[in-house]
Each structure stands twice: as C-alpha cells, then as structure tokens.
Amino acid sequence: MKVGVLASGAGTNLQALLDTVHGREAEIVAVASDKPGSYALERAAAAGIADRAARDAAIADWLESLGVELVVLAGYMALLDAGFIARFRDRIVNVHPALLPAFPGVRAIEQAIDYGVRVFGVTVHLVDEGVDTGPIILQGSIEIPDASDPEAVHDALRPIEHRLLCEAVGLLARGAVRREAPGSRRLVVG
C-alpha cells in the first residue's frame, strides 16, 4: 500500500511510521506539510521520501495534463513552491480575507481584530513566490465596528470573497487582467 503523510509538527508520528511500517506493510511515497520548515520534512528527506517540491510538481503535471490555464486557490492553506509558481506564472489566483498588503498569511482576520481595525476586507491577487505578496486584482471591504469574533467577521466577508473571486476569474478568462508593463507589479484590470 502506498501512503502519503501530511504533517505539521516535529514529525514524530512520521518517524514511527518510517521505523515500523515503511518498506514492510506500507510504502510512504509522499510527505507534505503546511509548515515548510517542519522537522517532519527533514525526516522525510532523510528517508528519501518525496516532499513539497515533489508534491507540487506532481500537481502541476496533473493540471497541465488536463490543459488547465488558470489555477484558483480558494481556501488552499499550503504554500506552493517556486517551481509550481514558475510553471503557472501569472495564472494562479488566490483569495485572502484581508486588505493586502495588511495582514498577510494565516490568521489574517485574527491579526486585524487584534490590531483594532474597523474596516475588514478581501483581496483577490495573483500568486508569486511570497506569502500574499502578488499583484492585487480586486479588493472589497466592509465596516465592522467593535469586531471581536473571527468567525463572525469571516461570515461577513464570505459574500465579498465569493463575489470578488468569481469576478476575478471572469476577468482573467476574458484576458482583462494584464501587467501594466513587463515585470511590473501593477496590474491593469478591465
């Protein structure tokens, strides 16, 4: 049986699998983590098991085999490696629950609440090698005074997320999004 392992922490469960079942009852063929620096990935590399780069290459191969022209990250919490991004340069779009460049990365809503913002928002952007640093396609906002519950804020943002993501995909499909100039971070939309 071929096994893929997802791990976020030190990888002690992964190590137990490697020591006990790998190469016997099962073959661990892939390891992925939502934390690129996790020790689990080091353990996997030491055992010769595919890591995030191999996972992303495989996903990219599969998408390309299907003729995918646009990759949409809709709540995908793992980072994509530079090789994947290079293969789909300017063809990966992400929706993020904050008005970037403020509050990038995970826990964006919690960051905004902790900071005391009154205006929350959503950003749809192209994906580059950074974390939520790609060129912005669309943004929308809503005022929520005295916000304290991240889930309530996210509930209020969902309609904006849905609307902006669909709009951005439509714009991209029509070729209505382009860089202002070659290599520019600024986009022309419309």
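Read-outs: derived from the displayed coordinates by stated rules, not from any lab. Keep in mind that what you see is a predicted model, and the values were worked out from it rather than measured. Neighbour counts run over all protein chains shown; Cβ positions are idealised from the backbone, glycine included.
Residue by residue through segment 180-187, which ³J(HN,Hα) values in whole Hz follow from phi under the Karplus form 6.51 cos²θ - 1.76 cosθ + 1.60 (θ = phi - 60°), with glycine and proline marked x?
For segment 180-187, the Karplus curve yields 4, 8, x, x, 6, 8, 8, 10 Hz.
Separation between the ALA78 and ALA46 pseudo-spin-labels, each 7 Å from Cα along Cα→Cβ, expressed in nm?
Each label point is offset 7 Å from its Cα along the Cβ direction, giving 2.2 nm.
So how much slack lies between ARG89 and TRP62, counting 0.36 nm per residue of separation and subtracting their Cα-Cα distance, in nm?
8.1 nm
Please list 3J(HN,Hα) in residue order for segment 150-156, calculated via the Karplus relation 6.51 cos²θ - 1.76 cosθ + 1.60 where θ = phi - 60°; whole Hz, with x for glycine and proline.
Taking θ as phi minus 60°, the curve returns x, 5, 5, 5, 4, 4, 5 Hz for segment 150-156.
Quick one: grab Rg to one decimal and Dmax as a whole number for segment 68-189, Cα atoms only, in Å.
Considering segment 68-189 through its Cα atoms, Rg and Dmax are 14.4, 43 Å.
For a protection proxy built on the mean count of beta-carbon atoms within 10 angstrom, sort 110-116, 143-149 highest first, please.
In descending order of packing, they fall as 110-116, 143-149.
Could you run the Debye sum over the Cα atoms of segment 47-129, one equal point scatterer each and no solvent, and tell me log10 of I(q)/I(0) at q = 0.20, 0.23 Å⁻¹, two decimals?
-0.91, -1.07
Could you tally the net charge around ASP61, taking each other residue with its Cβ under 12 Å from the Cβ of ASP61, Lys/Arg +1 and Asp/Glu -1?
Result for the neighbourhood of ASP61: 0.
Given R₀ = 35 Å, FRET efficiency for ALA173-THR133 by Cβ-Cβ distance, to 0.05?
0.90
Provide LEU66, LEU126 in ascending order of the number of other Cβ atoms located within 10 Å of each residue's Cβ, fewest first.
Result, fewest neighbours first: LEU66, LEU126.
May I ask you to sort ARG43, ARG89 by Cβ crowding, counting other Cβ atoms within 10 Å and putting the fewest first?
ARG89, ARG43
Within 10 Å of each residue's Cβ, count the other Cβ atoms and sort HIS96, HIS22 from fewest upward.
Lowest count first: HIS22, HIS96.
Take every Cα pair under 8 Å in segment 68-189 that's 6+ residues apart, average their separations, divide by the length, and report that relative contact order as a whole percent.
Relative contact order comes out at 21 percent.
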